[in-house]
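The structure appears below as structure tokens.
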Amino acid sequence: MTAQIIDGKLMAQQLREQLAQKVAELPTVPHLAVILVGNDEASIIYDRNKQKAAEAIGMKCTIHHLDEQTPQDQLLDLIKQLNSDSSVNGIIVQMPLPKHLNSEQIIESIDHTKDVDGFGIYNIGLLHSNNSSAMVAATPQAVLYMLQQTLGDVVGKHAVIIGRSNIVGRPLASLLLNHHCTVTIAHSKTVNLSQITASADIVVAACGVAGLVKKDWVKPGATVIDVGINRVNGKLCGDVDFENVKEVASYITPVPGGVGPMTVTMLLNNTLQAYLEQNQREQNA
Ligand code: GUN
């Protein structure tokens, strides 16, 4: 058996066309503000991609590129200014931040109605308590969307998530639980990891270890979603040994061209959602 490839690029393109149509019908242009501190090469590329994707669907995206040495207070001042600017609908601070900055305090300073990354405790609390008004982080949303498009629904499936980060593993576990999956979170201290993944209907690899998930870790017919982005000898690869795992899985995402393009799309979707909710609130006021 050879797995069917889940084409994230195509799914993203289709969803972006729908978003562009919705944006074209709005009276004003939704605006995403991206704060980038320092010169991390990958972050610069990610943020440029976000800006290009936003502009391609008719949204405005402003990148505030600050010096590596920017002090905490200056960053907090900028966020305060963006929080009170009614022309800004979404704010994200690109992670990781330089070591001297306190990421938690910075994330919590973003107005929760503009927290389109869904990283703040308010939105995490809503997600964790299965409240539908939660702003959910883009990558977990991308994973769920791809699973639903591929499998129809995920009810009753056993999903094993490898990785417990605040950006992917933890919010994805809540999201899949809210959609009636049986969820196991595995991590670097998990014992017998390969036996646990071999019992899964869905394996999500989000641990940042190139090629970790092997063919014999995956149950025949399972769906494998690879969130990893690693560079090995200059080549991009995921956390799954793609060439071998695709011989046993039913469905598998490639890297690149899998979860990545869908994540950016979900960020834009969150920005549109934030815009609509802010405008609704204004009308009700
Ligand atoms: N760094 C890696 N992924 C993300 C993301 O989704 N949002 C932000 N702000 N930083 C990231």
With x for Gly and Pro, the residue-by-residue ³J(HN,Hα) of segment 19-25, computed from phi through the Karplus equation 6.51 cos²θ - 1.76 cosθ + 1.60 at θ = phi - 60° and given in whole Hz, is 5, 4, 5, 5, 5, 4, 8
What does the charge count around ILE107 come to, taking other residues whose C-beta lies under 13 Å from its C-beta (Lys +1, Arg +1, Asp -1, Glu -1)? -4
If I build a Gaussian network model for the chain, linking alpha-carbon pairs within less than 10 angstrom, which residue out of ALA54, ALA206, ALA42 has the largest mean-square fluctuation? ALA42
Net charge over other residues, Cβ less than 12 angstrom from the Cβ of ILE79 (K, R count +1; D, E count -1): -4
Would you mind telling me the antiparallel percentage of the DSSP bridges in the chain, rounded to 5? 10 percent
Using r as the Cβ-Cβ distance of GLN72 and HIS158, and R0 as 41 Å, what FRET efficiency do you calculate, to the nearest 0.05? 0.45
So how much slack lies between ASN83 and THR182, counting 0.36 nm per residue of separation and subtracting their Cα-Cα distance, in nm? 31.9 nm
Using θ = phi - 60° and the Karplus curve 6.51 cos²θ - 1.76 cosθ + 1.60, what whole-Hz ³J(HN,Hα) does each residue of segment 46-61 get, with Gly and Pro shown as x? 4, 5, 5, 4, 4, 5, 4, 5, 5, 5, 5, 9, x, 9, 9, 9
Segment 193-246: equivalent-ellipsoid semi-axes (sqrt of 5 x gyration tensor eigenvalues, Cα, Å): 20, 10, 9
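So for ILE124, ILE45, fewest C-beta neighbours within 10 Å to most, what's the order?
ILE45, ILE124
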As a test of the formula, what do you get for the chain when each DSSP H run with n ≥ 4 contributes -39,500 (n - 2.57) and the sum is divided by the residue count, at 222 nm and rounded to the nearest 500 deg cm²/dmol? -13000 deg cm²/dmol
Quick one: Karplus J couplings for segment 134-146, per residue in order, coefficients 6.51, -1.76, 1.60, θ = phi - 60°, nearest Hz, x for Gly and Pro? 5, 8, 9, 3, 5, 5, x, 5, 4, 5, 4, 4, 5
Work out the length of the dipole vector of segment 180-285 about its Cα centre, built from +1 on the beta-carbon of each Lys and Arg and -1 on the beta-carbon of each Asp and Glu, and round it to the nearest 20 debye. 200 debye
Can you find, among LEU267, VAL232, GLN278, the residue sitting farthest towards the positive end of the charge dipole of segment 232-282, where Lys and Arg contribute +1 and Asp and Glu -1 at Cβ? GLN278
5 angstrom amide H check on VAL240, placed H, neighbours 5+ away: GLY211, LEU212, VAL213
What does the extension gain come out to for LYS214 and ARG48, with contour length at 0.36 nm per residue minus their alpha carbon separation? 56.4 nm
Over segment 151-285, what is the percentage of antiparallel beta bridges among all DSSP beta bridges, to the nearest 5? 15 percent
For the chain, what class follows from the C-alpha gyration tensor (a ≥ b ≥ c being the square roots of its eigenvalues): rounded when a/c is under 1.5, otherwise prolate if a/b is larger than b/c, else oblate? prolate
What percent do you get for the relative contact order of the chain when only Cα pairs under 8 Å and 6+ apart count? 21 percent
Work through the residues other than VAL245 whose Cβ is under 10 Å from its Cβ and net out their charges, Lys, Arg +1 and Asp, Glu -1. -2
Too-long pairs where the Cα-Cα distance tops 23 Å, listed order kept, from LYS99/LYS214; LYS9/LYS52; LYS9/LYS50; LYS60/LYS80; LYS189/LYS214: LYS99/LYS214
Charges at C-beta only: +1 for Lys and Arg, -1 for Asp and Glu. How large is the resulting dipole of segment 106-165 about its Cα centre, in Debye rounded to 20? 220 debye
Please give the contour-minus-distance gain from THR190 to LEU26: 0.36 nm per residue of separation, less the Cα-Cα distance, rounded to one decimal in nm. 54.2 nm
Given points 7 Å out from each Cα along the Cα-Cβ axis, report the LYS235 to GLN149 separation in nanometres with one decimal. 2.6 nm
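Quick note: the coordinates plus some simple rules give every number you see, no bench work behind them. Everything quoted here is computed from the prediction, not taken from an experiment. For neighbour counting, all protein chains shown are included, and Cβ atoms are generated from backbone atoms with ideal geometry for every residue, glycine included.
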